[in-house]
1. Residue under question is VAL455, and the condition is that it be buried (at least 16 other Cβ atoms within 10 Å of the Cβ) and closer than 20 Å to LEU392 by Cβ; does it hold?
2. Can you list residue pairs whose Cβ atoms sit under 8 Å apart, with the first residue in the stretch 73-97 being farther than 20 Å from THR129 by Cα and the second being in a loop (DSSP other than H, G, I, E, B)? Count only pairs 6 or more apart in sequence or on different chains.
3. Considering GLN239, GLN249, GLN231, which residue is surrounded by fewer than 12 Cβ atoms within 10 Å (Cβ to Cβ), modelled with pLDDT of 85 or more, in the same structural domain as HIS288 (by TED's automatic domain parsing) and not β-branched (Val, Ile, Thr)?
4. Within the stretch 248-261, is even one residue more than 28 Å from GLN213 (Cβ to Cβ) and in a loop (DSSP other than H, G, I, E, B)?
5. If you check LEU351, LEU342, which single one turns out to be within 19 Å of GLU400 (Cβ to Cβ), at pLDDT below 80 and not polar (S, T, N, Q)?
6. Evaluate the following for ALA444: is it over 27 Å from GLN517 (Cα atoms) and either in the same structural domain as PRO530 (by TED's automatic domain parsing) or in a helix (DSSP H, G or I) (or both)?
7. I'm checking my understanding of the structure. Among residues of the stretch 99-133 that are under 12 Å from VAL88 (Cβ atoms) and of a type in the set (A, V, I, L, M, F, W, C), which one is surrounded by the most Cβ atoms within 10 Å (Cβ to Cβ)?
8. Enumerate the pairs (first residue in the stretch 395-416 and within 23 Å of VAL455 (Cβ to Cβ); second residue anywhere and assigned to a helix (DSSP H, G or I) and among the basic types (Lys, Arg)) with beta-carbon separation below 7 Å, excluding pairs fewer than 6 apart on the same chain, so at least 6 apart or on different chains.
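The values are calculated or read from the model by the stated rules, or taken from the named source; none is laboratory data. Just so it is clear, the model here is predicted, and its values are computed rather than measured. Glycine also receives a Cβ, built like all others from the backbone with ideal geometry; neighbour counts cover every protein chain displayed.
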Amino acid sequence: MLNRITFHFKLFIFLIFFSSLLLTLIGYYYYYELNNQLYSEIGLHAKIQAKDIAMFPSLINAVEQQDNQAIAEIMAPLAQNSDASYLVVGNPQGMHLYHSLSPEKVGEQMVGGDNQEVLAGKTIITVRTGATGISLRGKAPILDQHNNVIGIVSVGYLKSHLDHISSSKLLKIALAALLLMSALFVFSWWFARHIKKQMFSLEPREIGLLVRQQKALLESIYEGVIAIDQQCRIVVINQAAKNLLALTQSSRELRGQPLNKVIQTVTFFNHQKMHATDTHDEICQFNHLTVIASRVRIFLEGELQGWVISFRDRNDITELTAQLTQVKRYADNLRILRHEQLNWTATLAGLLYLKRFDEAIHYIEAQSEHTQETLDFISARFCSGPLCGLLLGKYASAREKGVQLQFDPACQLQQIPAQMPETELMSVIGNLLDNAVEATLQRAGVHHPVSLYVVANQRELVIEVADLGIGINDKLRDNLFEQGVTSKTSGDHGLGLHLVETYVTRAGGTIEISINQPYGTVFSVFIPCPPTDCITTSSLLANLEHADHAT
């Protein structure tokens, strides 16, 4: 049942219970101390009164003469003006000579058994049960001129009288406690509602679940995410952000640190801009890493609480763009093949419709002879179907542009190295061929063929693309593989060679660039090929011999 009670109501109950218990203990302690203090003060007061009364000369003479009438006349006014419950005078034998409350006890024995010390000349304070009940007494000896004890003066306060005084004070304490409890009640209710509002009316277990979900969500995001407060101190940082920024500290250690100690100050974190507006997909530099970053302000009830910064490596976006560009090129190649095939089919259909069968047969033989040879060569020398399709598409695309793509007779690829996926190998070959064709087309005059050499031996995979084009500008040679570097002035360029270099480096290979004779460029790619990944030498030679016989 307690679990069904809302948190703010449980908080209110606990506050009231704890406050009540605390006030009760404090009240009991205060009452106990007050009672002790009251007994101490009243006892001292009774002792002083008894001592003062015992020093009256008239009382000393009356006690010496055993004149009870005179004693009564002396003590009556004192008893009337005193706040004590009773005044008693006795002789050394412990017999009453005077009793303000019970005159009939005169001549009777004093009750309590606390006269020995007084008869010895001491002034004392005792609590005893006397003839009138339990009382607090102050007793003093009556001394004659020779300092002999001739009587006893007792000033007593009944316990009922003391309890009445304590009760009146306790009532005042209880009233004050009641007022304090009322104030605590109001405060506890307000505090519980305030906490509820701050918690968005959520229960603690719900808040705990949200925190765990938030942490899991942040860690599952591929992008780096950093949340900062108004003072630009880190509140939350996910693992992706630490990886991108090369941070080795734990999230706990980074929490609370100024952002400028983690990321070098850049214009992206300009305070004026941060307060003015949000920004999305802005290219900037975080610790020598080029990123695409977004910054969003966080508001709570109209007040700025901080910012959430998300960012990702620009190279990831660039690589994805390059891959999409390559896919687009594959699609273009397929469209070229389809267009060429449609033209070929339309011509053949026209000849058949005109019943020129001999011409149709001659046309088929003429058109398919060289194409079939190329198709047979590619399908026999390359093990990958997608790679064969790519090469056929590049062959048709180059021919349509007026450039011949030649395959070296020694080409042989029966197994793709494990460290380079098929798609990456296709991207490397495709981009190198595209660049070679483009360089060939840019040279004026006759367009010489572009040659391709692909072979895998026991040690490495070798890819070589040679053209007789315009060559490489000396100004671009040192930065040729950087993203965006290109000699072309239009179109989607500057990605191909960057992507080639990325894939080759990832596979542990190298790229060499040399000048072709008499002009042009030769790109040579060398990818290490462990013996278990590539075909053996004997298999390679057997395949080459079989291909030569077939040719």
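1. yes
2. Sorted first by the residue in the stretch 73-97, then by its partner, the pairs are ILE74/PHE56; MET75/SER100; ALA76/SER100; ALA79/SER100.
3. Answer to the selection: GLN231.
4. no
5. Residue meeting the stated conditions: LEU342.
6. No, not satisfied.
7. Only one residue tops the list, namely VAL118.
8. Between residues of the stretch 395-416 that are within 23 Å of VAL455 (Cβ to Cβ) and residues that are assigned to a helix (DSSP H, G or I) and among the basic types (Lys, Arg), the close pairs are LEU405/LYS394; CYS411/ARG381; GLN412/ARG381; LEU413/ARG381.
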